[in-house]
Amino acid sequence: MSSQIATSIRQRTVRRTRTAMRRQRRVVAVQLLGPLTILAGVVWAVAQPWRIAFLYPDGKGFYDYVAQPPLLVVLVGLLFIFLVAPGLIEDLERERHGPEG
């Protein structure tokens, strides 16, 4: 057996595992986007509590209760987790397994 053949097999295996690791990192990154967005909204609400109209209701109108930026950020994170991320993860998994998987 030629050493060239054995070396090329090992290189293909290493290349394949690196590609698999890269795809797995993408899946983890997509899964973390929602919770990190929610965490950012909560940190924002704690850092600037005067933006939350429920805590300081004096002189606030309906719009102030509906459009509270930190809470909207939390809502966007939840929507991403339940509506967007599953489809993205499915596509990434399908890419990992190839068109036949």
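The values are calculated or read from the model by the stated rules, or taken from the named source; none is laboratory data. As the structure is a prediction and not an experimental result, all values here were calculated from the model. Every residue, glycine among them, receives a Cβ derived from its backbone with ideal geometry; neighbour counts consider all protein chains shown.
General observations
- Any chance Gly98 is modelled with pLDDT under 95 and at positive phi: yes
- When the residues of region 41-67 are filtered to those that are β-branched (Val, Ile, Thr) and in a helix (DSSP H, G or I), the one that is modelled with the lowest pLDDT is Val66.
- Restricting region 52-83 to residues that are within 16 Å of Gly41 (Cβ to Cβ) and under 12 Å from the mean Cα position of the chain (by Cα), the residue that is surrounded by the fewest Cβ atoms within 10 Å (Cβ to Cβ): Phe82
- Any pair with Cβ under 7 angstrom, 6 or more apart, that starts in region 42-60 at a residue that is closer than 15 Å to Leu72 by Cα and ends at one that is part of a loop (DSSP other than H, G, I, E, B) and of a type in the set (D, E, K, R): Ala53/Lys60
Okay, residues lined up against (1) within 18 Å of the chain's Cα centre (by Cα); (2) at pLDDT below 60; (3) of a type in the set (A, V, I, L, M):
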{"site": "Arg10", "(1), (2), (3)": "no, no, no"}
{"site": "Val14", "(1), (2), (3)": "no, no, yes"}
{"site": "Arg25", "(1), (2), (3)": "yes, no, no"}
{"site": "Val30", "(1), (2), (3)": "yes, no, yes"}
{"site": "Leu39", "(1), (2), (3)": "yes, no, yes"}
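- The residues of region 20-69 that are within 21 Å of Phe82 (Cβ to Cβ), of a type in the set (A, V, I, L, M) and touching a Pro at 6+ places or on another chain (Cβ under 9 Å), listed by number, are Ala40, Val42, Ala45.
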